[in-house]
């Protein structure tokens, strides 16, 4: 547990109880009070030497089909159309979308697979650019989760719990490590525009019961990247600055009287918002990028709000030392018409995902930046709905799926874990969501069991009461 700071509490019972509920509130704000090194004084320094200073999570919302992208299963093609054996399913639960089908026919992938690089990693023809950087990637083919439906599964990945209300992973990182750039948020969120599919909620990058200053700030496409950041029309900049200073003084007086950590967060948020009026337009303006950058990321990078443009923006944020970035891309939920729909998703994301890794490496940033790619669960090896020669769909499958990582401290050119020949169950080296989050925090110098916050009488953490660092994934 991170020890709390002593605050000048009012002797009232209300202030005393409030302090017990949020005694750690200032821990994440210590970078602002003790310099911009990003190492909170309350933490006593990092728990161990970090390999990563920054992290970018490319979250493919909806559940990408591992069986059509990374986990090559020729047996499914050989036995295409045959019934899923009971000995493989083992009575495991199914969703209501396919659980009442009269038949569960095995569906082989319609896409070609090949091994790539010296590592020989299997990647399908849908991801030609990702295949080219296979030797830079660490594939985890034995991921598994507890949730079988989208909202609880995404919430589990982002917060460590299936129910809403907990702090997001980015908020935990910002709370524990603080910001490296005083003029930009320590935690930024980018969501691809014009994408249908399962909804994404702001609580997925929220602060939960941590101070609100640690929630993710969403940068949007268009003239207002951050809502309500611009001054109202007709308001002179001098008057705006005077208003901010006056409000800060009022908050400071109340802080001295009540000692409420939420007031400290409010003061810091107001000051950061004022600085962001200059820093955000600058970082979101891609006009200074050379032509070769757009050739690397693809023409879509010229379209603000596209996945490619957001990947490029993520690189600009990372090189300005934004600590944590989450990039969400919806639409990976192919219950039917998988060949066409999955092909579209890959065309939108493949080039830019690989470009980000290449771009970070050539700028010397990959050595201390962690890149993660993956969704909330995988897809079934059987077809949901009719299976034809040219079409099939796949239902949700939490038992096994694939995530890849690259960068700081990650073992490149390595494939971890394996599934059975049907691609239905894990047969070696399982990695749970909590294990992955424990490993990500470890790479950033944080012991996942020690980064906690006391709330309603219990010490909470990102990994709940689970999780282990997967040492095999590390260099």
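The values are calculated or read from the model by the stated rules, or taken from the named source; none is laboratory data. Note that this is a predicted model, so its numbers are computed, not measured. With ideal geometry, Cβ positions are generated from the backbone for all residues, glycine too; neighbour counts draw on all protein chains shown.
Candidates 268, 289, 256: the one that is more than 22 Å from residue 130 (Cβ to Cβ) and surrounded by fewer than 16 Cβ atoms within 10 Å (Cβ to Cβ) is 256. Of the set (1) under 30 Å from residue 363 (Cβ atoms); (2) surrounded by 14 or more Cβ atoms within 10 Å (Cβ to Cβ); (3) touching a residue at least 40 places away in the same chain (Cβ under 8 Å), all apply to residue 274 but (3).
Restricting attention to region 104-114, the residues that are surrounded by fewer than 17 Cβ atoms within 10 Å (Cβ to Cβ) and in a loop (DSSP other than H, G, I, E, B) total 1. Whenever a residue of region 328-345 is under 19 Å from residue 129 (Cα atoms), its partners that are assigned to a helix (DSSP H, G or I), lying with C-beta atoms within less than 7 angstrom and at least six residues away or across chains, give the pairs 329/307; 329/349; 332/345; 342/68.
Residue count for region 369-411 under the criterion of being farther than 22 Å from residue 426 by Cα and more than 20 Å from the chain's Cα centre (by Cα): the result is 8.
Of all positions in region 357-373, none carries a residue that is more than 18 Å from residue 52 (Cβ to Cβ), in contact with a helix residue (DSSP H, G or I) (Cβ under 6 Å, 6 or more places away or on another chain) and touching a residue at least 40 places away in the same chain (Cβ under 8 Å).
Taking the condition of being more than 30 Å from residue 359 (Cα to Cα), assigned to a loop (DSSP other than H, G, I, E, B) and either in contact (Cβ under 8 Å) with a residue 24 or more places away in the chain or in contact with a strand residue (DSSP E or B) (Cβ under 9 Å, 6 or more places away or on another chain) (or both), how many residues in region 387-411 meet it? Working first, answer last.
As a first pass, look at region 387-411 and keep what is more than 30 Å from residue 359 (Cα to Cα): 387-400.
Those still in the list that are assigned to a loop (DSSP other than H, G, I, E, B) too: 387-395, 398-400.
Pick out the ones that are also either in contact (Cβ under 8 Å) with a residue 24 or more places away in the chain or in contact with a strand residue (DSSP E or B) (Cβ under 9 Å, 6 or more places away or on another chain) (or both) and you get 387, 390-395, 398-400.
Of the residues in that region, 10 qualify.
So which of 441, 436, 462 ends up being part of a loop (DSSP other than H, G, I, E, B), surrounded by 21 or more Cβ atoms within 10 Å (Cβ to Cβ) and modelled with pLDDT of 95 or more? So that I can check it myself, show each step before the final result.
On the way: 441 fails: part of a loop (DSSP other than H, G, I, E, B); 436 fails: part of a loop (DSSP other than H, G, I, E, B).
Step by step, each of 441, 436, 462 is checked, and only 462 is part of a loop (DSSP other than H, G, I, E, B), surrounded by 21 or more Cβ atoms within 10 Å (Cβ to Cβ) and modelled with pLDDT of 95 or more.
For region 241-347, please list each of the helices (runs of 4 or more DSSP H) lying entirely inside it that holds at least 3 residues being within 23 Å of residue 184 (Cα to Cα) and at pLDDT below 95.
Details: elements: 261-284, 291-297, 307-319.
Ranges flagged: 261-284.
Applying the condition of being over 29 Å from residue 115 (Cα atoms) and in a helix (DSSP H, G or I) to region 34-93 and asking which residue is modelled with the lowest pLDDT yields 41.
Filtering region 230-240 to residues that are closer than 26 Å to residue 188 by Cα and out of contact with any helix residue (DSSP H, G or I) (no Cβ under 6 Å at 6 or more places or on another chain) leaves 230, 232, 237, 240. Of the strands (runs of 3 or more DSSP E) lying entirely inside region 115-205, those carrying at least 3 residues that are out of contact with any helix residue (DSSP H, G or I) (no Cβ under 6 Å at 6 or more places or on another chain) are 137-144.
Out of curiosity, is residue 356 surrounded by 24 or more Cβ atoms within 10 Å (Cβ to Cβ) and either in contact with a strand residue (DSSP E or B) (Cβ under 7 Å, 6 or more places away or on another chain) or closer than 19 Å to residue 193 by Cβ (or both)? It is true that residue 356 is surrounded by 24 or more Cβ atoms within 10 Å (Cβ to Cβ) and either in contact with a strand residue (DSSP E or B) (Cβ under 7 Å, 6 or more places away or on another chain) or closer than 19 Å to residue 193 by Cβ (or both).
Each row is one residue, and each column tells you yes or no for (1) at pLDDT 95 or above; (2) surrounded by 24 or more Cβ atoms within 10 Å (Cβ to Cβ); (3) closer than 30 Å to residue 83 by Cα.
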residue: 367; (1), (2), (3): yes, no, no
residue: 374; (1), (2), (3): yes, no, yes
residue: 383; (1), (2), (3): yes, yes, yes
residue: 388; (1), (2), (3): yes, no, yes
residue: 391; (1), (2), (3): yes, no, yes
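Return only the number of the condition from (1) in contact with a helix residue (DSSP H, G or I) (Cβ under 8 Å, 6 or more places away or on another chain); (2) in a helix (DSSP H, G or I) that residue 376 does not satisfy. Status for residue 376: all satisfied but (2).
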